[in-house]
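The values are calculated or read from the model by the stated rules, or taken from the named source; none is laboratory data. Small disclaimer: the values here were computed from a predicted structure and weren't measured. Cβ atoms come from the backbone with ideal geometry, glycine included; neighbour counts cover every protein chain shown. SASA here: full protein model, heavy atoms, side chains in, ligands and nucleic acids out. Shrake-Rupley method; radii C 1.70, N 1.55, O 1.52, S 1.80 Å.
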Amino acid sequence: MSAGTTKVFDAIVLGGGHNGLTAAAYLAREGLSTLVLERRKIIGGCCVTEEIAPGCRISTTSYIASMLRPEVIRDLRLGEHGLRMVPCDPSLQVPFLDGSVLPWWAQRERAVAEFSKISVKDAQTFIRVDQQLKTLASYLQPFFLEPPPNLGTDSVAGWADLLRVSKRFRKISSREIAKLISFLTGSLREFLDRNYESEKIKTLFLANNVYGKHGGPYQQGSAIGLLFHLLSGGEHQQQGFYGHVMGGMGAITQAMAGAARKFGAEIKTNTPVAQIDVRGGRLRGVILEDGTEFRSRMVLSNADPKRTFLKLVPSSELPGEFLQAIRGIKMDGPCAKVNLVLSEEPRFTGTPPNAPPLERSLYTLVRSMEFAERCYDIAKFGDIPEELWVDCVVASNADSSLAPPDCHILTCFVQYVPYRLRTGDWDSNRELLGDRVVKKIAEYAPNVPNAIIARQVLTPLDLERTYGLTEGNIFHGELNLEQLFFMRPVAGWSQYRTPITGLYLCGAGAHPGGGVTGAPGHNAAKQALRDWKNLRKQARTY
Ligand SMILES: Cc1cc2nc3c(=O)[nH]c(=O)nc-3n(C[C@H](O)[C@H](O)[C@H](O)COP(=O)(O)OP(=O)(O)OC[C@H]3O[C@@H](n4cnc5c(N)ncnc54)[C@H](O)[C@@H]3O)c2cc1C
């Protein structure tokens, strides 16, 4: 008998990403003996700070906190565990090849004044549209922290859920419903073309609204990002919040781990789970790759749905129809990340060198909507676009503690690269991707290529291998309409439960989806706690 078999935990959380840690903290807070098992040597999943050169720390994967639920920050007292965020202002900034830079200031009046310099009409439209979008987003907001409805009307629970949803919309007008539907189904390009005249202003709105998406701005369903980004975030529950996290994104997961441990959870790293132990339909716990067994009454998987159900649970224990639906989840890339340590600060043309550091921190390099769409087209056929869409953050300007005084940190998110290459493989194309990213940055900040001290290129394959993201998908599954809400991860299983009693999904593959929100972890833990009384009773009879 292995050492681990003696104790039966109330709950095991498989994976120490931010959602796993959130779930563990909520479970431990209610007094459940909780164990987190993380395969990597550090906790945090895609919300980490890692050293890529001596003394130079970088948010290697996610890099801006925009949607972290205020309730999670408050409940877990993340501030007391060291979390500090500084609002990004501008919250976004696009430089153009004519040497101009267009910022999106966090304060509406300042944004309007900035847009007026380009188009008075667009600036006026912005006031109206921004208000409309914020109102619509506020209808969706409450759904973030609760399970999606069970649409079956053959049970009391199904009817109660439908009632819950309809109550949320009781104040919505028919015009607003029409608008909401057009956001959920329309394309970003149609929306922007309908409302704005300036190509620069349209490009600015494009810049953060198809983030991580499999699809260009011309694709139906791409307007949904406009609403997602207006869900409130940060400790002050601000709509459209964007935050630099002091200490990098890893400070979020360190704070969550601190909270979980304070409530009594145990966290182990370097413990890859090989199998979720289910025998004859009964959940027993997990088995590590080295054969160690841990017993528990519940398992909450923070791994993505494909990894959880196609790799970790024996297929003989799952219904064929469910497995087929899981196999059909769309993942497939489509992003990469390049992290750079520089010997001098990147000097983006158009930004005065004496501008305040926060105004020298964010630069989204995307020329136009057509450029973005063409980029996606190339990537969707399996090629690496010659010219890339790159989202740059000079993180050391927001937080100088990330690097020694003579070093600078530049993180670069790459939108639109394929997971499956048409020719060759990612191992032999990694440096080509890095070179193309640097070339693109040089068009806007010519001093960057000669200032590079260290470079880390994370292809979609690296995101899969290193961070455990199936097919490199940063959201554990595309955020398309057909994979959202009561259809996430798959229709019929959106309330965190799974066909195995006691097994839950608590990561980004569950509602409401990806991004550093803490919401799936929070919701899954609440669902598990609702079931806990019954599970404990059943366990006694085993
Ligand atoms: C390059 C990149 C950039 C991004 N940028 C942003 C951003 O700026 N802002 C934002 O909000 N979001 C961003 N995201 C998305 C966001 O980071 C993720 O959607 C979110 O962090 C997912 O959190 P999670 O806890 O659900 O899953 P994960 O962070 O994926 O955590 C899952 C954990 O489970 C572990 N695990 C998996 N299998 C096993 C196993 N068998 N045994 C033990 N452990 C296991 C993994 O190692 C991992 O630690 C980005 C993601 C990436 C990859």
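Checked against (1) more than 30 Å from A510 (Cβ to Cβ); (2) open to solvent by 10 Å² or more (accessible area, probe 1.4 Å), V129 meets all criteria but (2). Within segment 142-164, being surrounded by fewer than 16 Cβ atoms within 10 Å (Cβ to Cβ) and in a helix (DSSP H, G or I) holds for P142, V156, A157, G158, W159, A160, L162, L163, R164.
Scan V210, V299, V278, V286 and give me the residue that is touching a helix residue (DSSP H, G or I) at 6+ places or on another chain (Cβ under 6 Å) and assigned to a strand (DSSP E or B). Step through it out loud before you land on a result.
Values: V210 fails: assigned to a strand (DSSP E or B); V299 fails: touching a helix residue (DSSP H, G or I) at 6+ places or on another chain (Cβ under 6 Å); V286 fails: touching a helix residue (DSSP H, G or I) at 6+ places or on another chain (Cβ under 6 Å).
Answer to the selection: V278.
Determine which member of the set I224, I287, I326 is among the aliphatic types (A, V, I, L, M) and within 11 Å of the ligand (Cβ to nearest atom).
Values: I224 fails: within 11 Å of the ligand (Cβ to nearest atom); I326 fails: within 11 Å of the ligand (Cβ to nearest atom).
Answer to the check: I287.
Within segment 171-187, residues that are modelled with pLDDT under 85 and among the small types (G, A, S) sit with their Cβ atoms under 9 Å from residues that are open to solvent by less than 50 Å² (accessible area, probe 1.4 Å) and part of a helix (DSSP H, G or I), at 6+ positions apart or across chains, in these pairs: S182/F191; S182/A223. A single entry from A525, A451 fulfils the requirement of being open to solvent by less than 10 Å² (accessible area, probe 1.4 Å), in contact with a strand residue (DSSP E or B) (Cβ under 6 Å, 6 or more places away or on another chain) and hydrophobic (A, V, I, L, M, F, W, C): A451.
Elements of the type strands (runs of 3 or more DSSP E) sitting completely within segment 1-75 and holding at least 2 residues that are among the aliphatic types (A, V, I, L, M), open to solvent by less than 20 Å² (accessible area, probe 1.4 Å) and in contact (Cβ under 8 Å) with a residue 40 or more places away in the chain: these cover 8-14, 34-37. For segment 238-245, the count of residues that are aromatic (F, W, Y), within 22 Å of the chain's Cα centre (by Cα) and either farther than 30 Å from E30 by Cβ or at pLDDT below 95 (or both) is nonzero. Taken together, the residues in segment 469-503 that are more than 18 Å from D161 (Cβ to Cβ), open to solvent by less than 10 Å² (accessible area, probe 1.4 Å) and either out of contact with any strand residue (DSSP E or B) (no Cβ under 8 Å at 6 or more places or on another chain) or in a strand (DSSP E or B) (or both) amount to 5.
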